[in-house]
Amino acid sequence: MAEEKTRRRWISLGEIIALCALAVSAAGLWLAWKSSGEDKPTRIVEQKQAIALRLRGRAIDDGEALEISPAESSHSLQSLKLTTVDGKSVSAGGDGTISAGDIEVRVEAAYVEAGADKSATGNYVITYRWEGGGLFGGRSLKLVSLSRA
């Protein structure tokens, strides 16, 4: 008889544990249902930090022209305006190519980054060299590179 009472007590204890587990599950289900009504957008992709525009130049056509392009591959050059020290400006357009006659510049560029139109301004030094000359030949200017001042 005593053994039967002990067994009944264990059965009752098991039932109590099951009821507690059921109550906890029901509370969790209610909380999930309650918070699902507040549909807030979830940000899945992190936003990338903006990268400052840096330009680089490469001599083309045997130094007769300079091709200017963004150093960062995620930037796309839309327009390029170079201003001389005395205030004259030269527009290079989206291809970023200037001739050897357009030197000593302040650069104003419009570019696209992550789908947004942006602009930047900075002073750049154009490296060049003079070639030719001599008795009958004229000297010619050859562009070498572009670097941030």
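Being open to solvent by 70 Å² or more (accessible area, probe 1.4 Å) and among the aliphatic types (A, V, I, L, M) is the filter here; which residues of region 140-149 pass it?
Ala149
Restricting attention to region 117-139, report how many residues are open to solvent by less than 40 Å² (accessible area, probe 1.4 Å) and in a strand (DSSP E or B).
4
Being open to solvent by less than 70 Å² (accessible area, probe 1.4 Å) and hydroxyl-bearing (Ser, Thr, Tyr) is the filter; apply it to region 90-116 and report the residue that is modelled with the highest pLDDT.
Here the answer is Tyr111.
Can you tell me which residue is least open to solvent (accessible area, probe 1.4 Å) among those in region 75-89 that are closer than 19 Å to Ala65 by Cα and at pLDDT below 80?
Going through the qualifying residues, I end up with Leu82.
The values are calculated or read from the model by the stated rules, or taken from the named source; none is laboratory data. Every value quoted in this text rests on a predicted model; they were computed, and no experiment measured them. All accessible areas refer to the heavy atoms of the entire protein, side chains included, with ligands and DNA or RNA removed. Shrake-Rupley method; radii C 1.70, N 1.55, O 1.52, S 1.80 Å.
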